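Working notes, structure below.
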């Protein structure tokens, strides 16, 4: 998939698309599940607020948020892969260019030769540089038109290095060889950093799962029996208990917030940018939805905990 440059107009377009998808998704979900709007909110006198207790509605909110984030997450995921492909092959490309110049080729011919060998995304870009030179553009103009049209820092740096190497005359090989070694060190550092923080990213996912399981145990093994006992034989010390669906909704929305913040943190840790967290948010929201839509009902069905009738 090609790189999608997120201009201001495209960001606004994706944002509008996401908002539209959110409303369409939650409306379609509520219609399909035949959710009664009058049963969505429950008034809690002690707090003086209306709280959403309908499981269908609450899961619909999470599902609509997931669907709304998918476009941005997909764009970010493929853009990140595009950039990774470039940064991974930069050391090999500059090494091949240096070897071509050392063998007697001029830099423009070395660029054309290296582009024909492959090298993924960067090889295709070098082919585009060669094609523009064949159409009459100068080397510098072809480099600028191809490598600097997107806001990718690594490509902009590579374009500047290539122009400096072209202008350096007899020291072209030294410039390219030095760039190859520097890019190799940079990619090694990047790969090592991502490998080292991967365990912390997995910890974020594990913490979400632990929270969900603890929440399920609290609801099914503590709040449900206690509320049932309070209704059968009121105890003054437990007079402040509310309906079980309220506790379920609190756990669900807490997990929702944890998925949002945890996804942003995971993106920042893994790639150094919170924008890359959209993919992690989508994955964690999917986990929360699956847990409340399938895991908890399955646990109640097989009788591991006392069953209850929840608000729909």
Margin query: Looking at 100, 20, 104 in this structure, which one is in the same structural domain as residue 268 (by TED's automatic domain parsing) and either at pLDDT 85 or above or exposed (fewer than 14 other Cβ atoms within 10 Å of the Cβ) (or both)?
Written below: 20
Margin query: Quick check on residue 66: is it touching a helix residue (DSSP H, G or I) at 6+ places or on another chain (Cβ under 7 Å), without any contact (Cβ under 8 Å) to a residue 60 or more places away in the chain and in the same structural domain as residue 277 (by TED's automatic domain parsing)?
Written below: no
Next item on the list: Could you check how many residues of the range 40-55 are out of contact with any strand residue (DSSP E or B) (no Cβ under 6 Å at 6 or more places or on another chain) and surrounded by fewer than 20 Cβ atoms within 10 Å (Cβ to Cβ)?
Entry: 5
Next item on the list: Kindly establish whether residue 69 is under 30 Å from residue 107 (Cβ atoms) and either crowded, with 20+ Cβ neighbours inside 10 Å or modelled with pLDDT under 90 (or both).
Entry: no
Checklist line | Only listed residue being surrounded by fewer than 19 Cβ atoms within 10 Å (Cβ to Cβ) and either modelled with pLDDT of 90 or more or not assigned by TED's automatic domain parsing to the domain that holds residue 18 (or both), chosen from 307, 278, 266 | finding: 307
Next item on the list: Can you tell me which residue within the range 107-127, out of those that are out of contact with any helix residue (DSSP H, G or I) (no Cβ under 7 Å at 6 or more places or on another chain) and within 20 Å of residue 84 (Cβ to Cβ), is surrounded by the fewest Cβ atoms within 10 Å (Cβ to Cβ)?
Entry: 118
Item checked: Residues of the range 42-72 satisfying the condition of being closer than 18 Å to residue 292 by Cβ and more than 22 Å from the chain's Cα centre (by Cα) -> 42, 51, 52, 53, 54, 55, 56, 57, 58
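The values are calculated or read from the model by the stated rules, or taken from the named source; none is laboratory data. No experiment lies behind these values; they were computed from the predicted model shown. Cβ coordinates were reconstructed from backbone atoms using ideal geometry, including for glycine residues, and neighbour counts include every protein chain displayed.
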